[in-house]
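In what follows, a structure is listed as structure tokens, so that the remarks can point back to it.
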Amino acid sequence: LLRRNVKCRCIAEPVEMMQTVYKTKVSRNENMAKLQAGYLFPEIARRREVHMLKYPEAKVISLGIGDTTEPIPEVITSAMAERSYALSTVAGYSGYGAEQGEKNLRAAIAETYYGNLGIQETDIFVSDGAKCDISRLQILFGSNVMMAVQDPSYPAYVDSSVIMGQTGPFQKDVEKYGKIEYMKCTPENGFFPDLSTVSKTDIIFFCSPNNPTGSAATREQLVRLVQFARDNGSIIVYDSAYAMYISDDCPRSIFEIPGAKEVAIEISSFSKYAGFTGVRLGWTVIPKQLVFSDGFPVAKDFNRIVCTTFNGASNIAQAGGLECLSPQGLKAMHEVVGFYKENTDIVVDTFKSLGFKVYGGRNAPYAWVHFPGRSSWDVFEEILEKAHLVTTPGSGFGPAGEGFIRVSAFGHRENVLEASKRLKELYM
Ligand code: MLT
């Protein structure tokens, strides 16, 4: 058996403006020109590369991008291997699958995560990950909608909105794009927006447990959010990619809230549960009860977009996803999540012991650490330069993230312990 074990992480280089000798007659998409900088995580990877060139001997540890590090449980990879080998047989070969995903996987997702919430197998669209579905949803909404995001928030919501042409230009003075409603989430409001000050928008992106702040919305808060959407006729896009990290009784799904099925879509992923960041598998739930202002079902339009833009998730990945939801797969995923939660405790305790105010961590694999009065990028650079640790500057997630850094708990245990030691040396 030939085992190739090649790891390659491509780092996006910013494209240098070359001296042009020939120009096409195609004008640049003006929405692309609105984007301020490269996408956050490739930019961080670039700075890390620069640092490594400067300090070739340093052992750089990344607690930056939330990329899983631990091996996928063997029970899950065995199912993928079996499916993979079956593809070499006449009986086991399959080509294009259903764009919406395999029936048994859709049924297993509906049963496992939405068992008693009235979500059916046909409401589930299996995908190659939540991030890809965010952009497919933006295609669904088109350019004439206005959206709201938590501030700070996962950058894919804002950037995809800009690319779709939903926004105005970037306003440097406030560090915000025009025509996006930024819902401030800070320690002062318990990381839940004051909805009485939020303008009505068509779409509300809401991530809980939140990336980057790590805090999860309570049932009572989500009841208010759903009521807010109902009052305004808005659609909530609820990102629950970290729901399995919830330790308390915060809802795992927006559909736990009565009335949510008429106003919400949920996106989620196997990435952070089973280490599928490279395998790629996620899903989107669009209940049949969700309709546009003319009564047309949202799911029907989404289905049309999925069929046009996507040929379905990899059949091998879907075999892995199905195994994730078997009793032994669920147990293995809980172990993976439990491991990262122990890492999170180490990270949170480290910063707390140094006297920092630390938020998040309890229900998410992210600690949100406050450096009052300091620029997030300066803190990021300080920690990289002096401790060879990569974090994520809070301002990269929105203006309300200024003064914070996000520290991810995805890492091998020895690296997290070593990072803790270096941070203590730096800030003691
Ligand atoms: C993050 O670091 O915020 C996420 O891991 C990135 C992602 O899920 O795409």
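Read-outs: derived from the displayed coordinates by stated rules, not from any lab. Predicted, not measured: the structure shown is a model, and the values here were computed from it. Virtual Cβ from ideal backbone geometry, glycine too; neighbours counted across all protein chains shown.
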Separation between Cα centres of the range 228-276 and the range 346-425, rounded to whole Å: 26
Taking every DSSP beta bridge that has both residues in the range 107-249, what percent is antiparallel when rounded to the nearest 5? 15
What list of ³J(HN,Hα) values in whole Hz, one per residue of the range 357-365 in order, does the Karplus curve 6.51 cos²θ - 1.76 cosθ + 1.60 (θ = phi - 60°) give from phi, with Gly and Pro shown as x? 7, 10, 10, x, x, 5, 10, 7, x
With the chain treated as a Gaussian network of Cα nodes joined by springs under 10 Å, which of M32, M183, M164 yields the largest mean-square fluctuation? M32
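Which loop-located trypsin sites (Lys or Arg not before Pro) does the range 273-306 contain, where loop means any DSSP state but H, G, I, E or B and the Cβ has at most 16 other Cβ atoms within 10 Å?
Details: sites: R280, K288, K300, R304; in loops: R280, K288.
Sparse-neighbourhood loop trypsin sites (Lys or Arg not before Pro): K288.
Sort V149, V158 by Cβ crowding within 10 Å, fewest neighbours at the top. Each step should come with its number before you reach the end.
Numbers: V149 27, V158 24.
Lowest to highest Cβ neighbour count: V158, V149.
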Would you kindly calculate the translational diffusion coefficient of the range 150-246, applying Stokes-Einstein with the Kirkwood radius from alpha carbon pairs, for 25 °C and a viscosity of 0.890 mPa s, and quote it in µm² s⁻¹ without decimals? 175
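Counting only Cα atoms, I'd like the Rg/Rh figure for the range 31-89, Kirkwood definition for Rh. Mind dumping the intermediate values first?
Numbers: Rg = 19.0 Å, Rh = 15.5 Å.
On the Cα set of the range 31-89, Rg over Rh gives 1.22.
Net charge around I134, counting only other residues with Cβ within less than 10 Å of its Cβ (Lys, Arg = +1; Asp, Glu = -1)?
Values: positive: K131, R136; negative: D133, D159, D239.
Residues near I134 contribute -1 overall.
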If you take every DSSP beta bridge whose two residues both sit in the chain, what share of them, in percent to the nearest 5, is antiparallel? 50
In terms of modelled amide H atoms, which long-range or inter-chain residues lie less than 5 Å from the amide H of I235? I203, I204
On alpha carbon coordinates alone, what is the Rg over Rh value for the chain, Rh being the Kirkwood radius? 0.96
Across 5 Å bins from the origin, how do the percents of Cα pairs in the range 375-422 run, short distances first? 5, 23, 26, 22, 15, 8, 1
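Using a 10 Å cut-off around each Cβ, can you sort H388, H51 from fewest to most neighbouring Cβ atoms?
H51, H388
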Debye log10 I(q)/I(0) for the range 275-321, one point scatterer per Cα, at q = 0.17 Å⁻¹: -0.63
5 Å-binned pair-distance histogram of the range 101-194 (Cα, whole percent): 3, 12, 17, 16, 14, 16, 13, 6, 3, 1, 0
